[in-house]
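All remarks here apply to the structure that follows.
The values are calculated or read from the model by the stated rules, or taken from the named source; none is laboratory data. Keep in mind that this is a model prediction, so the values were computed, not measured. Here the Cβ positions follow ideal geometry from the backbone for every residue, glycine too, while neighbour counts run over all protein chains shown. Side chains are part of the model used for accessible areas, which takes the heavy atoms of the whole protein and leaves out ligands, DNA and RNA. Shrake-Rupley method; radii C 1.70, N 1.55, O 1.52, S 1.80 Å.
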Amino acid sequence: MGLLRKVLDTGRVAEPAPPPPAREPLPAVAEFGGSVQVRCVDAGSCNGCEIEIAAAFGPVYDADRYGARLVASPRHADVALVTGPVTRNMAEPLRRTVAAMPEPRLVVAVGDCAVDCGEFAGGYGVEGAVADVVRVDLEVPGCPPAPADIVAALRRVTGR
C-alpha cells in the first residue's frame, strides 16, 4: 500500500517536450494537420535502423505524442520511412509501395545506407540509394541514426 500511496502522491512526472526544430516547412506539411500515419519499408538494410525506429516509437522517445503513428498498409500512410540501400529485389516493391500511398505523401530516407548506400555502395545486389528509386523529401543521416533524430524528423513532418 505504501508504494501505491507514493505513486499517487507523486503524480505524473515527465520532462517537457523539446522545442521544435527551426527549419523550413516541408512540402504539403500543412495538409497533414499535425498528425501523420507512418509506413516503414526495409529496402535491404541490416536492421540497425529498424531497431532505432522501434525505439523512436517506444515509451522512452514516444513519437506518438507528436502525432506520428505506425500503420501496416501503405494505403493508409502519409509518410514512408525507408531504410537500407535499395536492393535489386526491392526496387519495384518500393516504387509500388510509394505509388500506393495517397497524396500528399512524403518519403523519408532513414540512415546512411538509405541516403547514399553507406557500406553497401557498389555492391552487386544494390540498385542504389532511396533517392535513386523514388523521390525523397527528407533524410535522416546516421549509422544507425539515434531515435531522437528520427523523432526530430517526424516532428518536422508533423509540425509539432
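Taken over segment 58-68, the criterion of being part of a helix (DSSP H, G or I), touching a residue at least 40 places away in the same chain (Cβ under 8 Å) and open to solvent by 50 Å² or more (accessible area, probe 1.4 Å) is satisfied by 65 alone. Condition test on residue 55, is it open to solvent by 30 Å² or more (accessible area, probe 1.4 Å), part of a helix (DSSP H, G or I) and either modelled with pLDDT under 95 or on the phi < 0 side of the Ramachandran plot (or both)? Considered against the rule, which asks whether it is open to solvent by 30 Å² or more (accessible area, probe 1.4 Å), part of a helix (DSSP H, G or I) and either modelled with pLDDT under 95 or on the phi < 0 side of the Ramachandran plot (or both), residue 55 comes out as yes.
The residues of segment 116-146 that are among the aromatic types (Phe, Trp, Tyr) and without any contact (Cβ under 8 Å) to a residue 12 or more places away in the chain amount to a single one, 124.
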